[in-house]
Each structure stands twice: as structure tokens, then as C-alpha cells.
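Engineer: Input: one structure, supplied below.
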Amino acid sequence: MFLGKPVLRAQSFFAIIKPMSNNINQNNIRNFCIIAHIDHGKSTLADRIIEMTGLLTQREMQDQVLDNMDLERERGITIKAQTIRTVYKADDGQEYILNLIDTPGHVDFNYEVSRALAACDGAVLVVDAAQGIEAQTLANVYLALDHGLEVFPVINKIDLPSADPDRVAAEIEDVIGLEAHDAPRISAKTGENVHDVLEMIVKKIPAPTGDPDARLRALIFDSVYDQYKGVIVFCRIKEGRIRKGMPIRMMATGAEYDVVEVGYFGAGRFIPCDELSAGMVGYVTASIKNIQTTEVGDTITGRDEPAAEPLPGYKKVTSMVYCGIYPADGARYPDLRDALEKLKLNDASLFYEPETSVALGFGFRCGFLGLLHLEIIQERLEREYNLDLVTTAPSVIYKVHKTNGEVIDLTNPTNLPDPSLIDYMEEPIVDAEIMVTTEFVGSIMKLCQERRGVYKSMEYMEETRALLRYELPLNEIIYDFFDALKSRSRGYASFDYTLKGYKPSKLVKLDILVNREEVDALSFIVFADSAYDRGRRMCEKLKEEIPRQQFEIPIQAAIGGKIIARETIKALRKDVLAKCYGGDVSRKKKLLEKQKEGKKRMRQIGNVTIPQQAFMSVLKLDDE
Amino acid sequence: MKKEIELYIHIPFCVKKCSYCDFLSFPAGLEVQEAYVRQLQREISASSHFGEGAEVRSVFLGGGTPSLLEAERVVEIMSAIRHSFCVSQDAEITIECNPGSTLRHKFAVYKKAGINRLSIGLQSAENAELRMLGRIHSYEEFLKCYQGARMEGFDNINVDLINCIPMQTMHTWKKTLRQVSMLRPEHISVYNLIIEEGTPYHEMQEKGLLMLPDEDEQADIDAYTRDFLGRNGYQRYEISNYAREGAMCIHNIGYWTEVPYLGLGLGASSYFDGVRWKNTSDIREYLEADQEALSAGRLRREEHQLSERELMEEFMFLGLRMVKGVSETDFLLKFGHSMDKVYGAVLEKYLENGLMVKEGSRYRLSERGLDLSNLVLSDFLLG
């Protein structure tokens, strides 16, 4: 599941490239990806490579991109194919097939990234000539090196006035240990020296290996759903061949199908061919209706002559972050259900199940790979499906060990058993790496400390920047950590994390009472020692978020029935439109209608109406 | 009894636009003013069929600043009205005036033209506040103007005030109220400042430059206003209107009680035979309309025939602005449904929490209900 910028680059250079014959020499294939910190120019470089190899002008590219998109839209196909095959005639006179496998750059999609990397033989590391190495740069490089990829650096954005390629080259050598003195110094924006990158790809990235006559083993690294073709599986053939009509089996899920079509990727379009063989990257369709049977990381083999062992590295993806998603207007529950169903078709890592809240009515408990994934889904639901949502505070999975020996994975704070039945609880811990300029080290360390971080190490990258390593509880990150990090470093800190494991922790459930009624959707799990402080700030925040109403409303925070904080929303005193519009009654009515609409967008809890955003208050408790 | 109708005449001119104003008004030269009045006369005569079999119970010249027109223009407008409509003997005929642009001799002319009520836009008795509002007159100029009106024999005068404005404190507001009530005008309107989009105030507010009293201060100001005016013989009869005995504004009451009215002039609103519409707001289009376009009603915009549901909604949310509220009996006679059947749940809710009161067959907003009128009235929208 690749969720980066929508890619529809150089749509039609397959118009120039004739469908290739099947006997492609492995030596003339290069499977690679581009890795970079966000905004370091990954997409721009990809665009340039396509443009330069496809021999299209920028203008033509634009035009064709648009045409193609309209066409695709009419056919109702979702285009996510960020994998592109192009042909490059190198300085040595030979033609090479370049398969560019794009990877999402975010930690949430770590597993997907790792599978995409496993489909490559090498990686181009793009580093911004002004900003240098950032947290995601490191994370991505280590991931690529772990997969045994050949990584070579490229220094981008040399056209910027603040560019300092010498410094960045030295940094790459010092920090990552990659040779960088001969790294191409390019401007993907202007196209300067991009030719050098293409030559490097051909020279430095090894050609794929693998016996085309062995039994089939193909690695699934992504899939999309098409309403006509069913699931389109993206794979890298490691050994053997796959062709039309061949019966196949997914080794982890055991699902079996007959191949309907195989092919490769023109930019944004699928181009069928007869066969894919070892070393090639392409797609397979087999009238697969259920995306759950084609998990990323699984191995495709032949049903009749199956391989003995699947490819290594498969694991079942599990959600890290959960939250409740409810329609703002309860009547739209069926629409929300349909929308989630459709999103799920394209996103196997999205989890959801129906849940009911006293406060919010019918909705869904949804599981995500991380916060970004949560945000993307939320935004897609709102934008693509025109839904107005109430989202509850995100929660991680706590392991609740009950006194009877039972262990519960707790995803919704409301389901926490009675404290007398709990022996102890565990919470997920992550290893975090934070890259920050030295002047902000102090304030970032303070932040990590406040968030119960355990200091691991600090390395100075160069005089002005440091890499901080902390062990942090995941639940401290999912609230407002990113925002706090940004505001306390004036945007200079970058951040990455990996899940480390579970640790016992002193946790309590904090309940919020509005007008003396407990609002289940506002409950959250919190570290016991922070409970008072969080409770107090939560009450303050809700006092700001909930508008005054006809009567005084107490807002209380409680732990196990004991009130620990209280605020009071004073009664509304004035809500009147005194102006006379010279008999313009429709204008007056419009204002009343607006007010009535506003009421609809609020949630009625007992006698109190609560605006949607109040349910996310817990996300905005950082003081500084 | 003849059917009663009201006329509203819009004069969209002013010397200078005030910082909070979003009414349809703008500065214009004498020539434009004359052309406008000529066109207005044509529109009046082209609208005479609305007056058939009806008697005009009130005429209101509003703006803008109608007193900005040369007094002769006002006479022309009045005679055009009398020519095309049957104006009742005791009709209330009001003109809006601004102190800065009014000269005493105009009042004499108005009087002769049959105008019997003046509505003077004072807004505040504090000169600093007037400047802040972008008004071009001072309190002293208002005094002169007010005295002049009295001397010309006007015995029905309204003074407009605005509260909850920048720089205002409870102290300055009390002073304004005291000074104005001492003059004993027959009628006082008190509007809360509303920041409307597109005004300089809105811009200032967006930039955080407008220091306004907060909700509690505003509520205190309102409470004091009610109390003070009540003690001084001004009875509140509508959310923002106060009158001495027998001096309630007939024209305004018409708006709240569904009396048909015809709005003439640029952007004016009309309500006739259950249809609401507005004239075009485009001055050029208005001035260029020929006799045929005027007769055929081609200047009308947003024309809308009210459904029974909408009529019920209006009956409630307009009627409840009046302190005396609405009558169950009137509702039943008008719609053939009992009010209880249509609004039972809402009425019960507000009677219970004290925002409404029932007396005999009338429902009305309580004092607190009037303060929270938006909250209550929006619940009377159906569907």
C-alpha cells in the first residue's frame, strides 16, 4: 500500500517502448528504488528520470498525464501504481530496463517499505544539499542496507542558494559511512546532472539474479483493487516464471487462483505481456475478489510445482494505533460503513469493526499502522466520501493481564476491566531517533523526559546537529508528540521510530464527566503519575471547546469514580440577533438556519451539546 | 375593513460608509440622487396595482441616509406615493435621519409632506465612540438636530443606539442611556453591534484589532439597558425596541406580524400574498430599467412563494421577537392546525426550562429567552 503523492508520471512512454519480447537478458535489468527524507526531492527525481529516459518533453508529459488521468477516471480504475518501467540507453550503447519501485517514506509503512526494498537490488539515496541528513534518511538507509541493497547517494537541490554539497557529502560519509565524494550533485528540478544518476544506476546497481527455470517464487510488495480485474498484485519474480493461465498459490494464505493476466508497468498504466521471469518486476491478476488473500510480503508459487520454501521476511501486519470513527450525523452510519469497505479493498492494513458508544452512537473501532495512516484514512473518508466524522482520541494496544491469568489486547479504553480484576498492564515501547540542531537539544530532551522517555544515547553528527536516541512509550507519541517536537524545535527536528516491544507500566483509565455524566468516548488510558496533570488540562481544554449552554456545566476528570479535576462552563447569557434588516426576513432566517445546522453538528450528551472537535481534545494538551 | 399594507422606500446613499455598516448604501453625487429619485417615482407608479383595495398604514423611508436627499426629492417621493396608493389618514410615516447631514429647514419640508415620525441615528452619546464607529457627526450636532425637530413640531421621534461597541464600557453606556432618555424621545432602538463580513470592522476583527466587550460584559450591558429604560418609562415591546406609552413603531410591528409590505428602491425587500422577494442590488441595472421592466417586475430577485411550512416558521420566529409573543388562536385560525400539534415538543421544552412563558392563549419568550432568542427561535425551523 503506497500512499505517497499520486503518481501518474510520463504516462505514455510505453507508446514509444514497444512491448518487449520475452527474452530479456537479466543483465540488462535494474530494479531499484529511490529513498529520501520527506521533501528531499524523491518524486521530482523520479519525474526527471522518466522524462529523460522516455524522451518526452516536460510539456508533453504534462499533457499526457492529464489525458490519461481522465481516461482512467472514466474507467473507474484507481491508479496507485507507483512502480514504473522505463528503458534507458546507456553511454555503453546498451539498452537497460529500469524498474523504479517507489516506496512510501514514512515509518508507519515500515513493513511495506521493507517488502518494496526486498523487491529491489539497489537504492538511490537522495539527500537535500541544504538540509543534509534527516531522521528518515537514516531509517531508510539502514533498512535498505539490512536488505543487502547496494545504496549510492545523490546530492539534490544544488540549485538552492543555501546548498552546501561539500558539507553534505562529508556528512554522508561520516554519519552513514557511504562513499560520497563521487556522488552525483544534481538538481532534479532543473535536470542538471540527472544523466549521471542514470549512469550510476546502470553501473552501481547489480543486475538481478535468480534461475528462471526454477520453481516459481514471486514476492508480493503491493496490490491495488480494480473493479473489473479484481486485485492487481505487484510482484518481483525472484525465481522461475509466471504466465497467463498458470495455476498459482499464495504460500502464506494458501489461496489458489488461475492467472488471468501478467504484465508490467507503464507509468500509470498496466501493460500486459505473456510472461514474467526471474529478475522481472510486474503485476498479476487472477480474478481475486478479496484483497485479504494477497498479503504484502507473501510468496506466489505454482500450484502444480510449488516451491519448497517461501521467500523470507513475511509477517502479518498488525495495527499499532486504534481509534473510534463515528459519523457526525448518526444517519450516515451506513455511508461510513460502505466507505470503509471500499477503502479496505485497496488497503489491506486498515482494520475496522463495528462498535457502539453511549455518547456517539454507532461507529467503528479502526486500527492503523500509525498516526499518519490514521490521518490519511480520516482525510480520505472526509474528502473522497464526503463524510463528516467524529474521531475519538487514538489509543495503542495495551496488554491487560488479569488476575485469572487471562491476557487481553485492549484497543478501546472503555473496555478496560474493573481494576480489581487486573493484575498488571503492559504498554508498547518504541525506539525513537530524533535528529535536531544542537541549540534545541535541551528542549527536545526535556520533551522526551516529560513523555517518560528513557535516554539511550546522543551522537553529534557535526558541530551543529545531534542524533538523540530515546526509548519512548508509544502512547506518549500518538497524542501530540509530533506537534510538540515541531514547535519546540521551530520545525528543525525530524523523527523516526520502530516498535521495540512491551513493558509493564502503571496505567489508569481517566474518565471525563460532562454535567456529571460519564462520556465514554472521552475516556483514555494514561500513565498513573501523569493522570492528575492530564485530567486537569483535559478539563481546561474541554472548557474551551464546549460552548456555553443554557445552564452551568461541570466538567470533571475522574479515576475509578474519584474526581481529580474540575472546571465549570458558565451558563450562556446571550445569544441574540438584535439587528433589523429593513424587512429582510430571508436573511434573518438564513442566520437561524445556520444556527440550527450548527446544532446538528454537535453531539447531544444528556442535556449538553458537545462539538465534534472536543472529542480530539486529548490530542492538544501540550503546554508549550 | 380594508386590507392594510406597508411601504418601505430605500434610499441607498450616505455621506460616508460607517465602519460597521453592511447595509446597501454608498456615497453618490447629486445627479445620481436625482436620477435615482426619478426612477423611484416610476417604480412607485408601476407598483400601484399592489395598492388596489388596500390602505397604506405606514411608510418608512430608510437607508442609507434618506435625509441626505434634498428635501424637495422627499416631497416628490411622498407625492408619488399618494398618487399611486391610498395612504391612511393616520398612517405612520417615518424618515431616517443622520445628524451630520440634516439641516433644520428640511424638517419643516418633511412636516409639510406629511411625514410624522423621525428616526435619528445617534448610536452613542460619546464622541470618542462615534469616531470609532466611523460616524461623521458629534453628540452636539445630534442635540441641535433633535431640538430642531422638536421645534418643527415632530412629536414622534426614535433614537437609534448601538451597544457592545469598541471602547464602550458599562460606564460610558450608562452615560449614553442617561443622556438620551433625558431628552424623552418617544422611541429608542438598541442594537448590539454585529460584525458583518466585508466591513472594515470585520477586517479589524480578523487582525485582532477590535477590542469588544466579552459575553459577560455584553450580557451585563443588556441587562442594565432593559432595567434602566423600563424604570424610565420605556417599555420593551420587541427584542431591540423600546417605546413610551402608545409610541410603538407600527411599521416594525408589521414586519413581525406578517403584514404585507412593498419594498421600493434598490435592494428593498417585499412580502406580498405569501411571496417574498428583493429588488436588484445593482444600481446601474436599477436605473436603466424601463417602464416595461418595472411593470413586469423584472427587477425582482430571490422571488419565493412561501410554503405552508415556511409560513408557520415565520409566524413563530418573527412573532416571538415581539415581547407579547404569539397567539395560539391566531395560529389555529391562520393555518387550521393547532400550534401544539406542530410545535408541541419545542414549546414544552422551552416552557420547562423557563425560556418561554405561556399566558392565556399566548406563548412568549421570557426575559432570559429574549437574551437567548437565537437558540430558541432556530428550534422553530421545521425539518
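Engineer: Among the candidates B:Leu210, B:Leu143, B:Leu177, B:Leu161, which residue alone is assigned to a loop (DSSP other than H, G, I, E, B), out of contact with any Lys or Arg (no Cβ under 8 Å at 6 or more places or on another chain) and not hydroxyl-bearing (Ser, Thr, Tyr)?
Structural biologist: On inspection, the qualifying residue turns out to be B:Leu210.
Engineer: Here is a further query. Any idea which of B:Ser307, B:Ser366, B:Ser295 is over 30 Å from B:Gly265 (Cβ atoms) and of a type in the set (Gly, Ala, Ser)? Don't jump to the end; show me each part of the working.
Structural biologist: Working: B:Ser307 fails: over 30 Å from B:Gly265 (Cβ atoms); B:Ser295 fails: over 30 Å from B:Gly265 (Cβ atoms).
Exactly one of B:Ser307, B:Ser366, B:Ser295 is over 30 Å from B:Gly265 (Cβ atoms) and of a type in the set (Gly, Ala, Ser), namely B:Ser366.
Engineer: Moving on. Would you confirm, using the coordinates I've provided, whether B:Leu30 is open to solvent by less than 10 Å² (accessible area, probe 1.4 Å) and either in contact (Cβ under 8 Å) with a residue 12 or more places away in the chain or outside the structural domain of B:Met248 (by TED's automatic domain parsing) (or both)?
Structural biologist: No, not satisfied.
Engineer: Would you pick out the residues in the range A:179-208 that are open to solvent by less than 70 Å² (accessible area, probe 1.4 Å) and assigned to a helix (DSSP H, G or I)?
Structural biologist: A:Val194, A:Asp196, A:Val197, A:Leu198, A:Glu199, A:Met200, A:Ile201, A:Val202, listed by residue number.
Engineer: For the range B:29-71, enumerate the residues that are more than 23 Å from the chain's Cα centre (by Cα) and assigned to a helix (DSSP H, G or I).
Structural biologist: Of everything in the range B:29-71, those that are more than 23 Å from the chain's Cα centre (by Cα) and assigned to a helix (DSSP H, G or I) turn out to be B:Leu30, B:Glu31, B:Val32, B:Glu34, B:Ala35, B:Arg38, B:Gln39, B:Arg42, B:Ser45, B:Ala46, B:Ser48, B:His49.
Engineer: So for the range A:148-164 (the condition being open to solvent by less than 10 Å² (accessible area, probe 1.4 Å), closer than 22 Å to A:Ser223 by Cβ and assigned to a strand (DSSP E or B)), does at least one residue qualify?
Structural biologist: no
Engineer: Shifting gears a bit: Quick check on A:Thr403: is it open to solvent by 10 Å² or more (accessible area, probe 1.4 Å) and either without any contact (Cβ under 8 Å) to a residue 24 or more places away in the chain or aliphatic (A, V, I, L, M) (or both)?
Structural biologist: yes
Engineer: Continuing with the same structure: Within the range B:270-310, take every residue that is within 17 Å of B:Gln39 (Cα to Cα) and assigned to a strand (DSSP E or B) and give me the one that is farthest from the other protein chains (Cβ to nearest Cβ).
Structural biologist: Applying the filter and picking the extreme gives B:Arg300.
Engineer: Ok, one more. List every residue pair whose Cβ atoms lie under 8 Å apart, where the two residues are 6 or more positions apart in sequence or sit on different chains, the first residue falls within the range A:427-449 and is over 27 Å from A:Ile397 (Cα atoms), and the second residue, located anywhere, is basic (Lys, Arg) and assigned to a helix (DSSP H, G or I).
Structural biologist: A:Phe440/A:Arg488; A:Ser443/A:Arg488
Engineer: Go through the range B:316-326 and count every residue that is β-branched (Val, Ile, Thr) and away from chain A (no Cβ under 14 Å).
Structural biologist: Taking the range B:316-326 first, the residues β-branched (Val, Ile, Thr) are B:323, B:326.
So of that shortlist, the ones also away from chain A (no Cβ under 14 Å) come out as B:326.
Adding up the residues that qualify gives 1.
Residues checked against (1) within 14 Å of another protein chain (Cβ to nearest Cβ); (2) in contact with a strand residue (DSSP E or B) (Cβ under 7 Å, 6 or more places away or on another chain); (3) buried (at least 22 other Cβ atoms within 10 Å of the Cβ); (4) modelled with pLDDT under 95:
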{"position": "B:Lys3", "(1), (2), (3), (4)": "no, yes, no, yes"}
{"position": "B:Ile9", "(1), (2), (3), (4)": "yes, yes, yes, no"}
{"position": "B:Lys17", "(1), (2), (3), (4)": "no, yes, no, yes"}
{"position": "B:Ala35", "(1), (2), (3), (4)": "no, no, no, no"}
{"position": "B:Arg38", "(1), (2), (3), (4)": "no, no, no, no"}
{"position": "B:Arg42", "(1), (2), (3), (4)": "no, no, no, no"}
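Engineer: Could you tell me which of the residues B:Tyr363, B:Tyr350, B:Tyr286 is hydroxyl-bearing (Ser, Thr, Tyr), more than 21 Å from A:Glu597 (Cα to Cα), free of Cβ contacts under 8 Å to residues at least 60 places away in the same chain and surrounded by 19 or more Cβ atoms within 10 Å (Cβ to Cβ)?
Structural biologist: The conditions single out B:Tyr363.
Engineer: Still on this structure, please answer the following. Can you name the condition, by its number, that A:Ala558 falls short on among (1) out of contact with any helix residue (DSSP H, G or I) (no Cβ under 6 Å at 6 or more places or on another chain); (2) within 9 Å of chain B (Cβ to nearest Cβ)?
Structural biologist: (2)
Engineer: Answer yes if at least one residue in the range B:366-382 is of a type outside the set (S, T, N, Q), open to solvent by 60 Å² or more (accessible area, probe 1.4 Å) and over 30 Å from B:Ile221 (Cα atoms), and no otherwise.
Structural biologist: There is no residue in the range B:366-382 that is of a type outside the set (S, T, N, Q), open to solvent by 60 Å² or more (accessible area, probe 1.4 Å) and over 30 Å from B:Ile221 (Cα atoms).
Engineer: Further question: For the range A:511-537, which residues satisfy the criterion of being polar (S, T, N, Q) and modelled with pLDDT of 90 or more?
Structural biologist: A:Asn515, A:Ser523
Engineer: While we're here: Can you name the residue in the range B:327-347 that is surrounded by 13 or more Cβ atoms within 10 Å (Cβ to Cβ) and under 26 Å from A:Gln549 (Cα atoms) and is also farthest from the other protein chains (Cβ to nearest Cβ) among such residues?
Structural biologist: Quick first cut of the range B:327-347, residues surrounded by 13 or more Cβ atoms within 10 Å (Cβ to Cβ) only: B:327-332, B:334-335, B:337-340, B:342-343, B:346-347.
So of that shortlist, the ones also under 26 Å from A:Gln549 (Cα atoms) come out as B:340, B:342-343, B:346-347.
On the way: B:Asp340: 21, B:Val342: 16, B:Tyr343: 14, B:Val346: 12, B:Leu347: 16 Å.
The qualifying residue farthest from the other protein chains (Cβ to nearest Cβ) is B:Asp340.
Engineer: Now a separate question. Considering only the range B:185-207, how many residues are in a loop (DSSP other than H, G, I, E, B) and either closer than 19 Å to B:Cys21 by Cα or charged (D, E, K, R) (or both)?
Structural biologist: Here the count works out to 9.
Engineer: A further question on this structure: Just checking: which of the helices (runs of 4 or more DSSP H) contained wholly in the range A:449-554 hold 3 or more residues that are open to solvent by 60 Å² or more (accessible area, probe 1.4 Å)?
Structural biologist: A:481-488, A:531-545
Engineer: Of the conditions (1) out of contact with any Ser or Thr (no Cβ under 8 Å at 6 or more places or on another chain); (2) at negative phi, A:Val321 satisfies every one except a single condition; which number is it?
Structural biologist: All conditions are met except number (1).
Engineer: If you scan the range B:324-383, which residues turn out to be in a loop (DSSP other than H, G, I, E, B) and of a type in the set (Lys, Arg)?
Structural biologist: Scanning the range B:324-383 gives a single hit, B:Lys324.
Engineer: Looking at A:Met616, A:Met602, which one is of a type outside the set (S, T, N, Q) and within 14 Å of chain B (Cβ to nearest Cβ)?
Structural biologist: A:Met602
Engineer: Can you go through B:Lys174, B:Lys111 and tell me which one is in contact with a Phe, Trp or Tyr (Cβ under 8 Å, 6 or more places away or on another chain), open to solvent by 30 Å² or more (accessible area, probe 1.4 Å) and within 21 Å of B:Val75 (Cα to Cα)?
Structural biologist: Answer to the check: B:Lys111.
The values are calculated or read from the model by the stated rules, or taken from the named source; none is laboratory data. Computed from a predicted model, the values in this text were never measured in an experiment. Here Cβ is always computed from backbone atoms with ideal geometry, including for glycine, and neighbour counts include all displayed protein chains. We work out accessible area using only protein heavy atoms, side chains counted, and drop any ligands, DNA or RNA first. Shrake-Rupley method; radii C 1.70, N 1.55, O 1.52, S 1.80 Å.
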